[in-house]
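Structure, as structure tokens:
Please treat every number below as a calculation from the coordinates, not as lab data. Treat the numbers as computed from the prediction; the structure is a model and nothing was measured. As a convention, Cβ positions derive from the backbone with ideal geometry for all residues, glycine included, and neighbour counts pool all protein chains shown.
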Amino acid sequence: MDAKKLDYNFYQRPDVVQIAEELVGKVLCSQIGDAPVTSGIIVETEAYCGRNDKACHANNGLRTDRTETMYQAGGVAYIYLCYGIHHLFNVVTNEKDKADAVLIRAIQPLDGIDTILSRRKAEKIRPPVSAGPGRLTQALGITTDLSGANLTDSIIWIEDRNISIKDTDIKSTPRIGVDYAGEHANRPWRFSLKNSDWVSQ
DNA sequence: CATTTGATGTTCT
DNA sequence: GAACATCAAATGC
């Protein structure tokens, strides 16, 4: 097996947009409670930058109880409750006090398919099971309890399995659902795998 | 099919 | 009270 867990050298680099692009094709894994390991290939991400990005919760140094995790040094999980229902999973990047993060928007299930299906109350493995930020967290059993978890030494982590992705297979487009961010909403900070059925609509 | 609506925690006004 | 990094179920063609 040629899997390598991503470490601080990956997460703590300063360019969150580049990290977001490189995360496409990596494998997000979780091992919750007594359940088997569940994992999936990341096929869609979005970059959020703490400085000068109106779409980010922590824009311009805004600190709340919820966003405090984003100010930690890169390599931890920032998980937050959206619309009171959905747990959204982000990877915190950059150094301490720089609130950058990458939102994982969609995965393609790899390991622990039965567990994923049972969490999602689905019978067949097809895109609605894990295409979408609220769906993938449910599929992997990720909840806000795990916010602040260390991605290098905990029950959630990201592996590089040397899945080869060509630069030309990744497309960058404007982010989703952030129209309120004005001109910043048009930044092409969403990265997705071309020709994948597992990218959210 | 497309469009609307209900669910509902955290944060801001 | 309103808005929000969403989803699923109900309703209208």
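Details
- Label-to-label distance, nm, for residues given as A:Lys124 and A:Tyr180 (7 Å Cα→Cβ offset): 3.7 nm
- Alpha carbon Rg of region A:4-193, scaled by the compact-globule rule 2.2 N^0.38 Å: 0.95
- Mean Cβ count within 10 Å, highest first, over the residues of peptides A:107-117, A:3-13: A:107-117, A:3-13
- Gyration tensor verdict on region A:153-201 (Cα atoms; rounded if a/c is under 1.5, prolate if a/b is larger than b/c, oblate otherwise): oblate
- A simple spin-label model places pseudo-atoms 7 Å from Cα toward Cβ; at A:Ile113 and A:Thr143 they are separated by 2.7 nm.
- Structure-based [θ]222 nm, chain A - -39500 (n - 2.57) summed over DSSP H runs of at least 4, per residue, nearest 500: -3500 deg cm²/dmol
- Distance between the 7 Å Cα→Cβ label points at A:Asp167 and A:Asp65: 4.6 nm.
- Per residue, the average separation of C-alpha pairs within less than 8 Å and at least 6 apart gives chain A a relative contact order of 29 percent.
- Under-5 Å amide H pairs with A:Gly148, H placed in peptide plane, nonlocal only: A:Ala77, A:Tyr78, A:Ile79
- Neighbour-limited loop hits for GluC sites (Glu not before Pro), region A:110-201 (at most 14 other Cβ within 10 Å; DSSP other than H, G, I, E, B): A:Glu123
- Inter-centroid distance (Cα atoms) of region A:1-21 relative to region A:129-201, Å: 14 Å
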